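What follows is a single structure, written as structure tokens, with notes after it.
The values are calculated or read from the model by the stated rules, or taken from the named source; none is laboratory data. This structure is a prediction, so every number in the text was calculated from the model and none was measured. No Cβ is skipped: glycine too gets one built from the backbone with ideal geometry, and neighbour counts run over all protein chains shown.
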Amino acid sequence: MLKLEAVNAGYGRAQVLRDVSFEAQAGEITCLLGRNGAGKTTTMKAIMGVLPLMSGAVRLEKTVLSDLPAHVVPRHGVGYVPQGRRLFGDLTVGQNLEVGRFSQRESESTLEEILQLFPRLRERYAQRANTLSGGEQQMLAMGRALSLRPSVVLLDEPTEGLQPSMIVAIRDVTETLRDQGVAVVLVEQRVEAILALADRAALLENGRMRGVVSGEALRDDPTILARHLGV
């Protein structure tokens, strides 16, 4: 279980997150909801240690992730797919996946599992990342994150700008991860995706938590999304 405890974080003197607390359980998809500027991406960066905390803690089981250097956090089982993907564009698909597998012992079996999840990556294995379509790049970014065999995966706007067929493929893999017992934290603005995927939702507004609701509650009362996404 991933747990944020009264997390305060920001950029320099500009504080963005104020006492943010929520949990992400294994085998569940937790959607982090809020309007643009609410602090969703900042929360992801705080979990990964990219953004040091002002106070509070981020825990994964017994490990205090917020006490670790950012480059060590993934080794404890946290995969991160940032908004914008951030691939190594001049490297091939295979080389990008190899980067993700540096600290993974059973690297060959892991690679095969990823290629089974994303058959398109097998087809494009020797192709440079910067020549892929947007959907293929998103698959590669997710594949690279999964190379660590993470117990937690953070997905920041994974379907942004993708065509419908790619959106379906990303959604299916996200559901597969949940079924495999992974804790997924998902930032998503597409209402239909949230309603289809969310087991629970953490509601963020102006850097503060406004509650956690179940996926059933979201589906029963669509006005919750309207209030927190502005749609």
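In the stretch 177-231, what residues are free of Cβ contacts under 8 Å to residues at least 60 places away in the same chain, assigned to a helix (DSSP H, G or I) and under 14 Å from the mean Cα position of the chain (by Cα)? Within the stretch 177-231, L177 is the sole residue that qualifies. Restricting attention to the stretch 1-50 and to residues that are free of Cβ contacts under 8 Å to residues at least 60 places away in the same chain and of a type in the set (V, I, T), the residue that is nearest to L155 (Cα to Cα) turns out to be V50.
Considering N96, N36, N8, the condition of being in a loop (DSSP other than H, G, I, E, B) and either of a type in the set (S, T, N, Q) or modelled with pLDDT of 95 or more (or both) is satisfied by N36 alone. Return a yes/no flag: does the stretch 74-87 have any residue that is part of a helix (DSSP H, G or I), surrounded by fewer than 19 Cβ atoms within 10 Å (Cβ to Cβ) and at pLDDT below 80. No, every residue in the stretch 74-87 fails to be part of a helix (DSSP H, G or I), surrounded by fewer than 19 Cβ atoms within 10 Å (Cβ to Cβ) and at pLDDT below 80. Please find, among L155, L146, L121, L162, the residue that is touching an Asp or Glu at 6+ places or on another chain (Cβ under 9 Å) and more than 20 Å from G49 (Cα to Cα). Of the residues listed, the single one that is touching an Asp or Glu at 6+ places or on another chain (Cβ under 9 Å) and more than 20 Å from G49 (Cα to Cα) is L121. With respect to the conditions (1) of a type outside the set (F, W, Y); (2) farther than 26 Å from R227 by Cβ; (3) surrounded by fewer than 20 Cβ atoms within 10 Å (Cβ to Cβ), G10 falls short on a single one, namely (2). Across the stretch 148-166, the number of residues qualifying as closer than 16 Å to A198 by Cβ, of a type outside the set (S, T, N, Q) and either assigned to a strand (DSSP E or B) or modelled with pLDDT under 90 (or both) comes to 4.
A search for C-beta distances below 7 Å between a residue of the stretch 53-71 that is free of Cβ contacts under 8 Å to residues at least 24 places away in the same chain and any residue that is part of a loop (DSSP other than H, G, I, E, B) and of a type in the set (A, V, I, L, M, F, W, C), counting only pairs 6+ apart in sequence or on different chains, returns A70/V50. Applying the condition of being part of a loop (DSSP other than H, G, I, E, B) and surrounded by fewer than 17 Cβ atoms within 10 Å (Cβ to Cβ) to the stretch 112-134 and asking which residue is modelled with the lowest pLDDT yields S133. With respect to Q137, determine if the residue is in contact (Cβ under 8 Å) with a residue 40 or more places away in the chain, surrounded by 14 or more Cβ atoms within 10 Å (Cβ to Cβ) and assigned to a helix (DSSP H, G or I). Yes; evaluated as a whole, the condition is true for this residue. Mind listing just one residue for me: the one in the stretch 100-111 that is farther than 13 Å from L146 by Cβ and of a type outside the set (D, E, K, R) and, of those, modelled with the highest pLDDT? Per the stated criteria, the residue is F102.
For the stretch 50-73, which positions are crowded, with 20+ Cβ neighbours inside 10 Å and more than 18 Å from S21 (Cβ to Cβ)? Result: V73, single match. Just one of (1) surrounded by 16 or more Cβ atoms within 10 Å (Cβ to Cβ); (2) among the acidic types (D, E); (3) over 16 Å from the mean Cα position of the chain (by Cα) fails for E28. It is (3).
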